[in-house]
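Heads up, the thing below is written out as structure tokens.
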Amino acid sequence: MTAPRRPFSRVVEAIPPSGIRKFFDLAQTMQGVISLGVGEPDFPTPWSAREAAIHALEHGATTYTSNSGLLELREAITDDLADRYGVRYRAEDECLITSGVSEGLDLALRALLNPGDEVIVPEPCYVAYQPCVAFAGGVPVPVALDPDDAYRLDPAIIGAAITENTKAILFGSPSNPTGSAQSAADLEALAALAREHDLWLLSDEIYDRLTYHGVHTPMAVSAPERTVLLGGFSKSYAMTGWRVGHVCAPEPLARLMVRIHQYTMLCAPHMSQVAALEAMRTAQEDVEEMVADYDRRRRLFSKGLDELGLTCPVPGGAFYVFPSIRSTGMTSAQFAEGLLTQEKVAVVPGDVFGPSGEGHVRCSYATALPQLEQALERIARFIGS
Ligand code: PLP
């Protein structure tokens, strides 16, 4: 029997598989690898959240919730955004619980874009941004940020890419892969640019609690009327497998996102929403302990790389460093491949995140300190330092 010979979706076929996955799969076939490759917390989900989910399952939280998600969870999220940042969304119709930030991003793009609409995607950036724009019928317009300017969202660089078809700018702060956290002044300037050209700002703030130089600055402080705030539980609360996130946006857009969600996902997993609510209520100390630990690793690892001549600005957020490997004369793919096969340390080549990531590699420090120390020794041996 043969499958139908009709063509598959051209849009989907044109998107290459994720470069991270390729490396991860290779590393998994090898013994004794220290993986700095995955963007996933190495802590367990706080026990109070797991216990709440167990209890919820025992008491029947196995059904759909409302399409928008449990109202109590939406209220906890919108109250928290108001308390921490002074940003006010209505829980009833401006906040939607999604299956991770991934779904929130997909919904926002599908609700916003018409075929041919352009979305500016400053890079290096999270690998899903450009494919998701394309899946939604839009045209991703990558814009290279300057590594020598700490990958700042420089409004001059972004402004130069705006055309009459530009609909939105999509970015993350703190950033995956660079760990850079954008300043309030740059976000203010970006808001002014968006107002001038009537653009939406899709702001991925999944790492908002993982900041090390003071409190995170959300985009919505500067432009609430045109910001789509994407947030979630995967990273801050070590809940990647639970699949819970949220998207907050002005009501007309939020309503359209709910419309897609009610026909596609229906709701985020019920028991996971209960766990997320409990995490928000009772796991703040766990989060603080995780952040303190990441902070120690971040300082040790970026200093260690710097001392090896792999220039590494100390990142302001997330759990990634993005050192320059230019001093080795290798491309980022050669470096990552050589390091994995010769010294069994998995990192991700920077060009996977966009051409301006070339000359860098992404290392995740969501790995215990002794392993990071050992990784530094292996990297030193690899580059002959
Ligand atoms: N956004 C960024 C910047 C990420 O790094 C990731 C995961 O690595 C995601 C979104 C996906 O998040 P979620 O697990 O909430 O779907």
Next on the checklist: Please verify whether Asp79 is exposed (fewer than 12 other Cβ atoms within 10 Å of the Cβ), outside any loop (DSSP other than H, G, I, E, B) and not basic (Lys, Arg), treating the condition exactly as stated.
Outcome noted: no
Checklist entry - Residues of segment 277-335 being crowded, with 19+ Cβ neighbours inside 10 Å, within 20 Å of the chain's Cα centre (by Cα) and not hydrophobic (A, V, I, L, M, F, W, C), which ones? => result Tyr294, Arg297, Arg298, Pro315, Gly316, Gly317, Tyr320, Pro323
Next on the checklist: If I filter segment 350-357 for residues that are buried (at least 24 other Cβ atoms within 10 Å of the Cβ) and more than 17 Å from Pro147 (Cβ to Cβ), do I get at least one hit?
Outcome noted: no
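Residues checked against (1) more than 30 Å from Leu201 (Cα to Cα); (2) at pLDDT 95 or above:
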{"site": "Ile260", "(1), (2)": "no, yes"}
{"site": "Cys267", "(1), (2)": "no, yes"}
{"site": "Ala275", "(1), (2)": "no, yes"}
{"site": "Ala279", "(1), (2)": "no, yes"}
{"site": "Asp295", "(1), (2)": "no, yes"}
{"site": "Thr311", "(1), (2)": "yes, no"}
{"site": "Pro315", "(1), (2)": "no, no"}
{"site": "Val321", "(1), (2)": "no, yes"}
{"site": "Ser324", "(1), (2)": "no, yes"}
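Looking at segment 170-183, is at least one residue among the aliphatic types (A, V, I, L, M), away from the ligand (no atom under 16 Å from the Cβ) and outside the structural domain of Ala14 (by TED's automatic domain parsing)? Break it down stepwise before answering.
Let us first name the residues in segment 170-183 that are among the aliphatic types (A, V, I, L, M), namely 170, 181.
Now drop any that are not away from the ligand (no atom under 16 Å from the Cβ), which leaves none.
There is no residue in segment 170-183 that is among the aliphatic types (A, V, I, L, M), away from the ligand (no atom under 16 Å from the Cβ) and outside the structural domain of Ala14 (by TED's automatic domain parsing).
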Item to check | Segments classed as strands (runs of 3 or more DSSP E), wholly inside segment 91-152, with at least 2 members that are more than 12 Å from the ligand (Cβ to nearest atom) and within 24 Å of Gly179 (Cβ to Cβ) | outcome: 118-123, 139-144
Item to check | Every pair of residues 6+ apart whose Cβ atoms lie under 7 Å, when the first sits in segment 149-177 and is closer than 30 Å to Leu36 by Cβ while the second is of a type in the set (Gly, Ala, Ser) and away from the ligand (no atom under 16 Å from the Cβ) | outcome: Ile169/Ala194
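The values are calculated or read from the model by the stated rules, or taken from the named source; none is laboratory data. The model shown is predicted, which means the values in this text are computed figures rather than measured ones. We place every Cβ from the backbone using ideal geometry, glycine too, and count neighbours over all the protein chains shown.
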